[in-house]
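Below is one structure, written out as structure tokens, with a few remarks after it.
FYI, it's all coordinate maths here, none of it is from the lab. Please read all numbers here as calculations on a predicted model, not as lab measurements. Neighbour counts run over all protein chains shown; Cβ positions are idealised from the backbone, glycine included.
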Amino acid sequence: MHPIKSSLSFLILGLVGLIPATLWASYPVVSSLTPNGAQRGTEFTLTITGQFLEDFDSLMFYTPGFEMKKVIKAEDRKVECVVAVAADVPTGKHVLRAVTKSGISHGRQFFIGNYPNVEEKEPNNDLELAQTVGMNQTLEGVVQTEDVDYFKIPLKKGQRITLEVEGLRLGNTLFDPYIAILDSQRFEKASSDDTILHKMDGFCSWVADADGDYYILVRESSYRGSSSSRYRLHVGDFRRPEVVYPAGARAGVKTKVKFVEPGGESFEEEVAMAAEGGEDQMIFPKTQPAPASGNPFRVVAFDNALEVEPNEDRSKVAAVAFDGGIALNGVIQAPGDVDYFKVPFKKGQKLQVLGLAQSLGSPLDPVVSLYDAAGKGVASNDDGGGDRRLDSKFTFDVPADGDYFLRISDHLERGGPDYVYRLEVESAPRSVYFSSPFYTTNDSHYRQFFPVPKGGRFATLVNVTRSNVSGEFVFKAEGLPPGMKLLTPNVPKDLTSVPLLFEAAADAPHGHAVVPVKLEPADPATTVQGGVRQLFEIVRQGVVVYHTEYHDRLPVAVVDEAPFSLEILKPKAPLVADGVMELTVKATRKEGYTKPIRVLMLWKPPGISTLGERTIPEGKDEVSFTLSASGSVAAGAWNFTVLGESDGGKGRIYNASPFCEVKTEPAWITAPEIAMVAVEKGQETTVVAKLEVVKPFEGEAMARLVGMPDTVPVEPVKINKDTKDVVFTVKTTENSPLGKQSNLFVQIDVPTVEGEASIHRVANKSSVRIDAPRKVE
């Protein structure tokens, strides 16, 4: 052992022996899962590796049909448990979190497939060493640096083999897999690097042209790799559609669709969509072996209209009926193809056009334009479709009654049988949703969960986004764990953010849930309802984000009591316009807990500014935030809360304060800017602030001229409710600086009935100029 490290270890051991400190566990860390997925309808052993896992309690699943049967062992860095998956759990991506008795981990991706898992066995880095596998299996493996994995599979002539890989989607690292089907002479029969549907995760399919042994290749596309470059490769006889046409339907309506494969092969089926379930859904073929993942399918409240060829000439296009909404569906069949649709609109309609292609799995990069009957351009968009930026989106106000023409083409004038698109035209949607901001640059998951300590609270900031809807909305959180409640009542009509605060009773049992917190309108006449829409970055490298997803529910859990609690001491005096206030936060610590506590000011009302965080030092119990109000701050009563974060020795620990009401009022005293006063250095002068007492007060207030240098003493002055002019004597000395002293103001500590002072700042932006003494001639 290095001598310095040895001495340090001895010192630490000695200190541990002297200090009876307790290590408080929280915030478990999940680094990896083995396996990364499973076959539905099976039971398997899941191994979780990470940190701070010894008090593991359960798994939090976002999808019904998962059940943790038992825990085999739980250690600090490893947990083994038995999990059962119901046969009707949808294939594809799911989310789970580890829940300990003291915290909630980041979410992890977990995939469900149709086939049993087969573990890769090394060495298999050449054809001669290829691992023999069978049809309809899921291969779980890892690609190390410059590694290539080979698998051998016997095929009969005419037999289909399809590969689909989950690599980037596992969320472990930036992994770009390359897959291929080879014959015995190493010639590639089919291969895939990237796909529109799954980005860096590929799929390919081929029908064997002869009996024999064939080979499957898996590697990193640039021959990189690491211990985190894990994959799940589905090998089967399924067909792998790239896109569906039409790629959506009206809710509750049966629709005939065509599943289109790369290259243009297709097959048709009839699908029936439920009346509810959300716009973005996945569909799977029923008459063919099911692929490893579904195809995106839009479920909306209006009908489809399918293109009728020829429609490249707008003068020959028949009109499509429009009654508030329509989905225009078509295919850019060949390079250079252009499609037109004619739709009648009414003056005054505010409409949105959503041009969908790449978000549906189509290779089309849509350019969408709108023209009036005379051919004059009204609106256009190329890239602006949101998460898949190459899709299109725009809104417009209809200028006059008449027929309008929507034109769509590929940005690079490409085309083909799989260049499917969908133009959704509807009245500008009305919506409301809330989400939390990212709290760190490189970790979108940080503090995006709610581990609520027994007898304590957890809080976060939520931003509310409204589109074409206003008014007050009320939070509804059904299905919370026993003993937990949501303390935030509502979102007032004029606010765009509020603190979301959960509380757990001291005797609440450990428990967890994934809760769809809703926003319901306070006005019964408003029909729009909202909820959570939280963005997570799943794979990120530097400033580039490769894979994201949205969650519509909040992960909450009742966890162990925290070793500290926080309270905001309620101010007795109001915060007035242009005034300041010291807001004190007091910590109560468990015996022996002395760690620093980072105190986060999550939210402040409009017109109030303060530092975003302060730290209660080790062993101390208080810290203060200075609240500054603008001159336009609205009068009201505001609920403040702070979140405490501390290192308990085995992870982060959280506890939030209860709500504390802070009142804001108009200023009791006002005064305009003081006209600039000039004084020679070494002389004295008077500065007069002209006061207007808007709200009379009892007793005497103390007024101070603030902002002058220390070398220019100015004595405070007592005033009362009848004072009209407050006069300050400014004395300069030979040490006083020359020049203009700007941004002066008068601070007045006004006594209140409750015994605290309401601190006013008036006569803002005043100034005094100190001149050099005049020379005597």
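For the reader, a short list of remarks on this structure follows.
- Contour excess over end-to-end distance, with Cα ends at ALA210 and TYR62 and 0.36 nm allotted per residue: 48.8 nm
- Dipole of region 114-250, positive direction: furthest Cα of GLY134, TYR115, ASN172, with charges on the beta-carbon: TYR115
- Radius 9 Å from Cβ of PRO154, net charge of other residues (Lys, Arg +1; Asp, Glu -1): 0
- In this structure, SER191 and ALA505 have a Cβ-Cβ separation that, at R0 = 51 Å, corresponds to a calculated FRET efficiency of about 0.30.
- In region 642-777 the Cα-Cα distances spread across 5 Å bins starting at 0 as 2, 9, 16, 16, 12, 10, 8, 7, 7, 5, 4, 2, 1, 0, 0, 0 percent of all pairs.
- Difference of contour (0.36 nm per residue) and Cα-Cα distance, THR47 to ASN136: 29.6 nm
- Backbone N under 19 Å from the ALA374 label point (7 Å along Cα→Cβ), restricted to region 406-442: 406
- GluC sites (Glu not before Pro) within region 400-465: DSSP coil, no more than 14 neighbouring Cβ in 10 Å: GLU413
- Estimated dipole of the chain in Debye, rounded to 20 [Cβ of Lys and Arg +1, of Asp and Glu -1, Cα centre]: 1620 debye
- If R0 is 56 Å, the Cβ-Cβ spacing of SER222 and LYS740 corresponds to a FRET efficiency of close to 0.35.
- Check: region 239-311 dipole with +1 on Lys, Arg Cβ and -1 on Asp, Glu Cβ, in debye: 220 debye
- Computed from point charges on the beta carbon alone (+1 for Lys and Arg, -1 for Asp and Glu), the dipole magnitude for region 157-258 about its Cα centre is near 580 Debye.
- With 0.36 nm allotted per residue and the present C-alpha distance subtracted, the ASP771-GLU661 stretch has 34.8 nm of extension available.
- From the C-alpha gyration tensor of region 330-444, square roots of 5λ in Å: 27, 22, 10
- Debye-sum result for the chain in log10 I(q)/I(0), which assumes one identical scatterer on each alpha carbon, at q = 0.10, 0.11 Å⁻¹: -1.14, -1.25
- Values of log10 I(q)/I(0), in the order q = 0.11, 0.14 Å⁻¹, for region 385-507 under a Debye, Cα-only, solvent-free model: -0.66, -0.86
- Net charge, LEU182 excluded, C-beta distance under 9 Å - Lys, Arg +1, Asp, Glu -1: 0
- When region 559-639 is reduced to its Cα atoms, the Kirkwood hydrodynamic radius in Å: 14.0 Å
- Evaluating kT/(6 pi eta Rh) at 10 °C and 1.306 mPa s, with the Kirkwood radius of region 232-294 over Cα pairs in the Stokes-Einstein relation, gives 126 µm² s⁻¹.
- Leading residue at positive end of dipole, region 491-534 (Cβ point charges), from THR526, ALA506, VAL491: THR526
- In region 610-713, the GluC sites (Glu not before Pro) that fall in loop regions by DSSP, at most 15 other Cβ within 10 Å: GLU618, GLU673, GLU698, GLU700
- Spacing of the modelled spin labels on SER427 and SER31, each 7 Å from Cα toward Cβ, amounts to 5.6 nm.
- Links that overshoot a 27 Å alpha carbon limit, given the list LYS199/LYS258; LYS121/LYS650; LYS586/LYS650; LYS121/LYS156; LYS485/LYS620; LYS73/LYS650: LYS121/LYS650; LYS485/LYS620
- Its alpha carbons give region 718-762 an Rg and a Dmax of 14.8, 44 Å.
- Long-range tail of P(r) for region 112-249 (Cα pairs > 28 Å, %): 13 percent
- Folded to 0 to 90 degrees: helix 3-18 orientation relative to the chain principal axis, Cα: 70 degrees
- Counting only residues at least eight positions apart within a chain, or on another chain, the lysines with an alpha carbon under 22 Å from that of LYS724 are LYS690, LYS695, LYS765.
- Taking the C-alpha atoms of region 650-724, convex hull volume expressed per residue in Å³: 216 Å³
- Listed by chain and number, the aspartates and glutamates placed with their C-alpha closer than 12 angstrom to that of LYS595 are GLU618, ASP621, GLU645, ASP647; residues fewer than eight positions away on the same chain are left out.
- Proximal aspartates and glutamates to LYS681, defined as alpha-carbon separation beneath 17 angstrom and excluding residues fewer than eight positions away on the same chain: ASP710, GLU734, ASP771
- For the pair ALA318 and THR440, a Förster radius of 56 Å applied to the C-beta separation gives a FRET efficiency near 0.55, rounded to the nearest 0.05.
- Here is the list for region 511-561: trypsin sites (Lys or Arg not before Pro) lying in DSSP coil, each with at most 16 other C-beta atoms within 10 angstrom of its C-beta, are ARG533, ARG553.
- Shown for region 79-185 is the translational diffusion coefficient from the Stokes-Einstein equation, using the Kirkwood radius over Cα pairs, a temperature of 10 °C and a viscosity of 1.306 mPa s: 96 µm²/s.
- Tail fraction, Cα-Cα pairs, region 588-695, threshold 15 Å, whole percent: 74 percent
- Projecting the Cα atoms of GLN51, TYR150, ALA38 onto the dipole axis of the chain, where Lys and Arg carry +1 and Asp and Glu carry -1 at the beta carbon, places GLN51 farthest toward the positive end.
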